[in-house]
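Reviewing the structure listed below.
Values quoted throughout were computed directly from the atomic coordinates according to the rules given, and no laboratory measurement underlies them. Remember, predicted model here, so these are calculated numbers, not experimental data. Quick reminder, even Gly has a Cβ in these numbers, built from the backbone with ideal geometry, and neighbours come from all protein chains shown.
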Amino acid sequence: MKNFLKKNLPVLIIIILSLIPVIRWFFLEPMSFRFFDFNSSMTSLGQITGLLGMTLFALNLIISNRSVTFDRFFSGLHHFYNAHKWLGSLSFSLLLFHPLFLVIKYISVSLYDAAMFLLPGTNFATTMGIVSLLLMIILLSITLYFKIKYNIWRFSHKFMIVAFVFALVHILFITSDISRDIFLKSYILFFSVIGLASGFYRSFLRILFNKDFKCVVKNVSMLNSNVIEIEVEPLQKVISFTPGQFIFIKFIGDGISSEPHPFSISSSNEEKNIKVMVKFLGDFTSTLKNVQVGMKAEIEGPFGEFFENRRNKKEIWLAGGVGITPFLSLAKSLKNVGNDIYLFYCLNDSTEAVLLKDLQDISVKESKFHVITWYSKEKDRISADAIANLTNGINDTDIYLCGPPPFMRGLQSQFISKGVKVSNINFEEFNFL
Amino acid sequence: MKKITSISLFIFFCVTTAILTAGLVFYQNKNNSKPNGSSVVATGTNLPSGTILNIAEVSKHNTNSDCWIVVNNKVYNISDYASSHPGGARNILNSCGKESTQAFNTKGGTGSPHSPSANSMLVKFYVGDLNQVVGSNLPQQTTQTNQNNSSVVSTGTTKSSASSSSSSSTTSLDLAEVSKHNTNADCWIIVNSKVYNISNYASSHPGGSRNILNNCGKEATQAFNTKGGTGSSHSPSANAMLANFYVGDFNQTINSAVQQNIQKVQSNPIPAANQEFDD
């Protein structure tokens with residue numbers, strides 16, 4: 001129950017915050033005025049969709065600024081990004097229906113008036129609303145339906161703030177029985193100002209406050225043809241983190257696009273320097289071939305709660321490919337563990353088994369830490385049955401998964417069908433790796 | 001979630017494209033058959049032959065589902081529209097069955113006039129001119145007697161509709177008569193020697209209905225000028241709104257049937273803007 005609350009508290013808070021204006025709206029006028037015929041009911045639905053959509057938009061703008069605080073609040077940044085996506089889609093869908101419900105009353109007058117209502121130019125406030133919605137449609141279609149480079153998408157998505165400002169002008173200048181209510185107006189304005197201010201802070205002031213860790217690249221080593229390990233040294237302050245956490249890192253240099261990307265930390269938290277492992281998968285990660293010793297880097301974080309709920313029970317760690325990084329970090333920090341820990345390092349073949357030597361060295365020192373490699377080209381894909389056989393049963397075991405999403409989902413459903421409690425299965429869901 | 005967004009986007013594009021296309025076609029048709037401003041457009045209204053569109057007739061249509069208003073000496077049937085009113089249904093429904101020029105021109109006393117598109121929308125609900133004889137099978141007789149009005153307005157009171165049936169009765173608007181209208185549902189007040197029927201307004205009174213209802217059937221000049229003794233006077237828009245509820249001068253004698261056919265719009269000369277509604 002406590003866990004459920006902790007996991008869902010942010011969503012609950014968002015739902016409550018977005019329902020407050022709707023509740024207020026219900027008490028503004030008697031229902032007999034709101035829903036006395038078809039047209040009035042449609043208009044009322046239009047008002048509700050507008051109100052809800054705009055409140056959710058404002059709340060989403062606030063949480064779109066990732067921070068260590070939100071990371072804790074949402075129990076991990078992946079929950080936070082999921083919430084952002086979910087809220088954004090919901091808000092956008094509601095705002096799309098807002099004019100559709102409102103136009104119905106004009107259809108009953110004439111189709112010409114209905115068409116005029118949907119076109120910009122009739123009055124200032126409506127035009128602002130239309131411009132805002134059009135901008136949203138363009139920007140979110142890019143997000144949903146076009147595969148563009150991450151840095152271009154990231155840049156384009158920032159213009160959602162412009163759409164938000166247009167929408168805000170729309171609600172400030174539109175005349176309706178909603179906009180005349182000082183509570184509703186102040187409520188939406190309050191969250192809008194916080195959202196805009198936090199966006200402004202993130203875009204401009206953050207640099208002034210020098211929140212990021214300034215670092216310099218100390219070492220770059222190719223682990224195999226596809227994976228490199230980058231070691232950076234923090235220049236001013238030590239970055240304190242717990243194993244399993246990840247950081248956003250930005251490299252400043254030629255041939256590398258300058259937006260920050262998330263990577264799990266692979267070094268131990270006892271080392272001063274931070275190490276990350278990068279597999280060349282996409283546009284950005286491929287440019288990291290150009291990282292050189294001496295290059296400047298900036299780190300934001302750390303984020304994540306992958307190993308937050310360890311209970312000193314038997315543990316099974318399942319790493320798929322480069323998903324080994326958080327386990328590597330934790331393995332390096334192990335000291336006289338009392339319970340068995342089984343690390344399954346799942347790869348296509350032995351050429352991918354980078355840093356296996358390091359892990360085996362640790363298992364020699366730590367008698368209860370077992371490293372098991374699993375090459376899918378030699379055997380089949382790893383299964384929950386195979387894992388149970390190799391680890392003497394999976395009852396009352398904590399399971400940790402990090403790897404490609406199909407790998408994690410597939411094993412999760414197998415474990416659940418074998419009777420493992422959902423709460424005993426932990427993910428590193430941040431799949432930008 | 002992406003599915004929901006995609007479905008929403010799909011619906012949005014289908015509906016907007018359909019409306020914009022249909023609107024364009026409708027626009028061309030509209031240009032081909034421009035309605036004649038002086039014709040009687042009984043908007044979904046079947047009137048018996050020879051109905052006179054006087055204030056008594058209008059005041060019968062004072063419910064949410066059957067709502068007529070008078071704006072600039074023209075009668076409009078806004079029954080189907082009221083629910084869609086951007087300014088809220090309540091604000092428009094308060095005017096049902098009444099002379100509403102002032103309310104229309106000031107958006108119910110807030111001061112700003114309606115937009116041109118609102119004006120052009122209003123014309124769609126045109127029933128006929130005030131005091132015009134209309135009817136589904138009668139030739140139109142537009143009476144242009146608006147310029148020589150006397151000073152009687154009755155604001156959709158039960159009195160006026162009752163008296164319209166007994167065409168020769170006369171009533172003196174003395175204190176005895178006013179004091180009969182002393183209930184919440186039937187509330188007349190006297191302000192500056194003028195009698196007002198505020199029955200339909202009291203519930204909307206920004207200062208609370210109780211304060212206004214205390215004065216029903218009474219001389220209320222003092223109360224009106226001091227906002228019930230608090231000292232501050234009512235705003236100009238409140239004054240303008242009061243004019244909508246004017247029944248007659250104090251001690252004036254109303255000959256209902258004759259005089260109710262004559263309508264004077266409160267201190268609003270018949271505007272040239274009439275033309276605007278006719279296009």
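Exposure proxy for A:GLU231, A:GLU352, B:GLU99, A:GLU428: other Cβ atoms within 10 Å of each Cβ, ordered fewest to most, give A:GLU231, A:GLU352, A:GLU428, B:GLU99. Give the shape of the range A:137-206 as rounded, prolate or oblate, defined through the alpha-carbon gyration tensor: a ≥ b ≥ c are the square roots of its eigenvalues, a/c under 1.5 means rounded, and otherwise the shape is prolate if a/b is larger than b/c and oblate if not. Oblate, because a/c is 1.5 or more while a/b does not exceed b/c.
Scalar couplings 3J(HN,Hα) for the range A:334-346, obtained by applying the Karplus form with A = 6.51, B = -1.76, C = 1.60 to θ = phi - 60°, are 5, 9, 6, 5, x, 10, 5, 10, 10, 9, 9, 9, 9 Hz; x denotes Gly and Pro. Note on chain A: dipole from Cβ charges, positive end direction compared against A:PHE209, A:VAL232, A:GLY255; the farthest Cα belongs to A:PHE209.
Place a label point 7 angstrom from the Cα of A:SER221 along the Cα-to-Cβ direction, then list the residues of the range A:242-276 whose backbone nitrogen is under 15 Å away. Residues passing the 15 Å test: A:266-268, A:273-276. Label separation (A:PHE209 vs B:ASN214): 5.4 nm, computed from points 7 Å beyond Cα along the C-beta direction.
The label-point distance for A:ILE252 and B:HIS234, in a model that sets each label 7 Å from Cα toward Cβ, rounds to 6.9 nm.
As a proxy for reagent exposure, ranking A:MET31, B:MET1, A:MET408 by other Cβ atoms within 10 Å from fewest up yields A:MET31, B:MET1, A:MET408. Averaged over peptide A:83-89, the number of partner chain Cβ atoms lying within 10 Å of each residue's Cβ comes to 2.
Magnitude of the charge dipole for the range A:284-331, about its Cα centre and with charges confined to Cβ atoms of Lys, Arg (+1) and Asp, Glu (-1), is about 240 debye. Can you work out the PRE-style zone for A:LEU144? Point 7 Å along Cα to Cβ, and I want the residues of the range B:1-27 with backbone N under 13 Å. Those under the cut-off are B:1-14.
Working from label points 7 Å from Cα in the Cα-to-Cβ sense, the B:PHE10 to A:ILE182 distance is 4.7 nm.
With contacts taken as Cα pairs under 8 Å at a separation of at least 6 residues, the range A:199-285 carries a relative contact order of 26 percent. Dividing the mean sequence gap of close Cα pairs (under 8 Å, 6+ apart) by how many residues chain A holds gives a relative contact order of 12 percent. For B:ASN251, the amide hydrogen comes within under 5 Å of the amide hydrogens of B:LEU173, B:ASP174, counting only partners 5 or more places away or on other chains and with H modelled in the peptide plane. Under 5 Å between amide hydrogens, built in the peptide plane, is the criterion, and for A:LEU401 it picks out A:LEU318, A:ASN426, A:PHE427, A:GLU428 among residues at least 5 positions away or on other chains. For the pair A:THR175 and B:LEU20, a Förster radius of 25 Å applied to the C-beta separation gives a FRET efficiency near 0.55, rounded to the nearest 0.05.
Look at the Cα gyration tensor of the range A:284-355: its axes a ≥ b ≥ c give a/c of at least 1.5 with a/b at or below b/c, and that counts as oblate.
Adding -39500 (n - 2.57) for every DSSP H run of four residues or longer, then dividing by how many residues chain A holds, sets the calculated 222 nm ellipticity at -16000 deg cm²/dmol. Which shape class applies to the range A:1-144: rounded if a/c is under 1.5, otherwise prolate when a/b exceeds b/c and oblate if not, where a ≥ b ≥ c are the square roots of the Cα gyration tensor eigenvalues? Cα axes put the range A:1-144 in the oblate bin.
Roughly what % antiparallel, to the nearest 5, for the DSSP beta bridges in chain A?
55 percent
Remark: mean inter-chain Cβ contacts per residue of A:91-104 equal 4, using a 10 Å Cβ-Cβ cutoff to other protein chain atoms. Across the range A:129-141, rounded Karplus estimates of 3J(HN,Hα) from the backbone phi angles (6.51 cos²θ - 1.76 cosθ + 1.60, θ = phi - 60°) give x, 5, 4, 4, 5, 4, 4, 4, 4, 4, 5, 7, 5 Hz, Gly and Pro being marked x. Report note on the peptides A:44-54, A:139-149: ranked by the mean count of other C-beta atoms within 10 Å, highest first, their order is A:44-54, A:139-149.
Take each residue of peptide B:84-95, count the partner chain Cβ atoms within 10 Å of its Cβ, and average: the result is 5. Full extension of the segment from A:PHE200 to A:TRP153, taken as 0.36 nm per residue of separation minus the current Cα-Cα distance, would add 15.0 nm.
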